[in-house]
């Protein structure tokens, strides 16, 4: 009897809740239609519904969130470098071991660029449109376009995102990226590369809501052999990416020696 | 008492600092320090939030601490809103202090007046598996 009354009371509360909810704007998660199921093989005009926000997660022995403890925390290089670049990375790691707050281009609020933007913890919004896949990283709101079955631009001067051309192989989006700057890093550890870096990226939904991101990096100036990193992204139905303006209130400037500072006072004149 | 509870709760938190846009080597990651005081200012801004806390020492002198947290973008995914931290409220902040000895640190966790403890904004820990 007691349980029966409770059930009636709960049902009534639930009903009130439902009626109330129906009058309000539905929560974001409920307002979004489920992802459309599209069967491979895919093409520039018949493509999977990967649009939305993806979180980067750990994958195997390659943590994509290796930057959680700050820039320059991973010690060994996973890349077989040419001597000059091996020495450059070793010099950086020596500073890290000495506890020096090193700075990367990203520290000065420059874009992460490719491929670093694939590895920062900040989520990625993907937009799938005919002939184009657009990725917007929450970090800095920086975007890149992948032209699907369309020609590369004739001129590909060095840029942060580079120039990307994609095509579908069955269920996999294969992307060639060229025209990258030589002064960005591969990830938050400061792994260097040259302006000869090219990428072959492979994107595949290995199970529902899990995207495998495999990137083979070739850089004959800096690497002795190609390096491949495989990570995973998870679809987040109820996430949006938010504004991130690095210069809004950056209290970690870089000094003349290339070291990162922390400004304690809001008014430096105080 | 409050301090011991906080110590017990700490292992439950993920040991992550703010996601990198810069090195955190100006802070001493080997030292965990807890300060208690009153929030004087909250800068809910990118690339990192800053919380200023007035801490009264045993000698009665007040020192203003500046605590650097994660990005608002990460913090909202860990349960914060832009209004969670309020000037005038008394909080306990666990941090890695500056190596320089100046009153500043890198946020590890913060305990609010209602006992809620929130993290630093590091890690995509609320991602759906």
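The values are calculated or read from the model by the stated rules, or taken from the named source; none is laboratory data. None of these values were measured; they are calculated from a predicted model. Virtual Cβ from ideal backbone geometry, glycine too; neighbours counted across all protein chains shown.
Here residue A:122 clears all of (1) modelled with pLDDT of 90 or more; (2) within 11 Å of another protein chain (Cβ to nearest Cβ); (3) touching a helix residue (DSSP H, G or I) at 6+ places or on another chain (Cβ under 9 Å); (4) crowded, with 17+ Cβ neighbours inside 10 Å except the condition numbered (1).
State yes or no: is residue A:42 under 24 Å from the mean Cα position of the chain (by Cα) and modelled with pLDDT of 95 or more? Judged against the criteria, residue A:42 is a match. Only one of the numbered conditions (1) more than 18 Å from residue B:76 (Cβ to Cβ); (2) touching a residue at least 24 places away in the same chain (Cβ under 8 Å); (3) out of contact with any helix residue (DSSP H, G or I) (no Cβ under 6 Å at 6 or more places or on another chain) is violated by residue A:254, and that is (3). Of the strands (runs of 3 or more DSSP E) lying entirely inside region A:191-270, those carrying at least 3 residues that are touching a strand residue (DSSP E or B) at 6+ places or on another chain (Cβ under 6 Å) and within 12 Å of chain B (Cβ to nearest Cβ) are A:227-235. In region B:102-129, the residues that are at the interface with chain A (Cβ under 9 Å from one of its Cβ atoms) and surrounded by fewer than 16 Cβ atoms within 10 Å (Cβ to Cβ) reach residues that are in a strand (DSSP E or B) and modelled with pLDDT of 75 or more with C-beta atoms within less than 8 angstrom, at least six apart or across chains, in these pairs: B:128/A:55; B:128/A:234; B:128/A:235; B:129/A:57; B:129/A:234. Restricting B:21, B:48, B:52 to residues that are part of a loop (DSSP other than H, G, I, E, B), facing chain A (nearest Cβ under 10 Å) and within 14 Å of the chain's Cα centre (by Cα) narrows the list to B:48. For region A:224-236, the criterion of a residue being under 23 Å from residue B:46 (Cβ atoms) and within 16 Å of the chain's Cα centre (by Cα) is satisfied by at least one position. The residue of region B:67-91 that is nearest to the other protein chains (Cβ to nearest Cβ), among those that are assigned to a strand (DSSP E or B) and under 11 Å from the mean Cα position of the chain (by Cα), is B:68.
Counting only residues that are crowded, with 17+ Cβ neighbours inside 10 Å and modelled with pLDDT under 90, region A:78-92 holds 0 of them.
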